[in-house]
């Protein structure tokens with residue numbers, strides 16, 4: 001399968017803190033390139049000027065990231081795994097919301113779609129491929145994150161077994177440091193995968209629409 005190669009400077013180097021990405025307000029393109037953030041470059045996807053550029057992650061996600069890293073430093077492994085899973089589910093919802101917005105869905109439609117598919121398995125297994133034309137696993141593989149879906153699924157199953165009693169299997173009594181370290185690695189990887197998926201399934205599509213609109217006006 002052909003791998004997707006991002007533009008130079010797109011991805012933030014893992015540093016043990018929440019990364020900072022800069023977002024084009026016109027097409028939604030995300031990059032860690034500081035020159036793009038400083039307004040020294042036009043958007044490489046749609047050509048928009050530097051006006052109104054935002055940062056990602058949001059303050060809400062940045063606060064959650066900070067708490068997770070603090071708990072990891074304090075060896076609170078169970079809290080780390082539970083919060084990382086919450087974080088991953090949150091940014092997946094954000095990604096799907098962005099894809100819906102790029103396709104012209106208003107806030108009411110987006111709310112109905114997301115409320116109608118609240119389970120994370122359904123969002124990954126049914127909603128994502130319906131919106132993008134690709135399975136989540138295939139897209140992750142193309143972007144160099146072949147093991148990410150499986151590792152996320154394993155962590156989700158461990159979290160669920162810890163929180164919920166099962167009539168078929170006994171409860172999981174603990175989420176240990178090894179699982180917490182795995183969760184932290186998934187957290188750092190998730191930022192990069194989110195950015196790559198956003199740029200492919202959101203920014204690329206919007207930029208094409210803008211170019212088509214300009215061509216039709218001409």
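What the table shows:
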{"quantity": "Helices (runs of 4 or more DSSP H) (entirely within region 109-218) containing at least 1 residues that are at pLDDT below 90 and closer than 22 Å to residue 81 by Cβ", "calculated": "148-163"}
{"quantity": "Residue selected from region 62-86 under the condition loosely packed, with under 13 Cβ neighbours inside 10 Å and in contact (Cβ under 8 Å) with a residue 40 or more places away in the chain, by the criterion farthest from residue 193 (Cα to Cα)", "calculated": "75"}
{"quantity": "Filter pass, residue 18 being part of a loop (DSSP other than H, G, I, E, B) and under 16 Å from the mean Cα position of the chain (by Cα)", "calculated": "yes"}
{"quantity": "Positions within region 32-61 being buried (at least 16 other Cβ atoms within 10 Å of the Cβ) and out of contact with any strand residue (DSSP E or B) (no Cβ under 6 Å at 6 or more places or on another chain), in sequence order", "calculated": "33, 41, 43, 44, 45, 46, 48, 50, 57, 61"}
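The values are calculated or read from the model by the stated rules, or taken from the named source; none is laboratory data. Please read all numbers here as calculations on a predicted model, not as lab measurements. Heads up, the Cβs are rebuilt from the backbone with ideal geometry, glycines too, and the neighbour counts pull from every protein chain shown.
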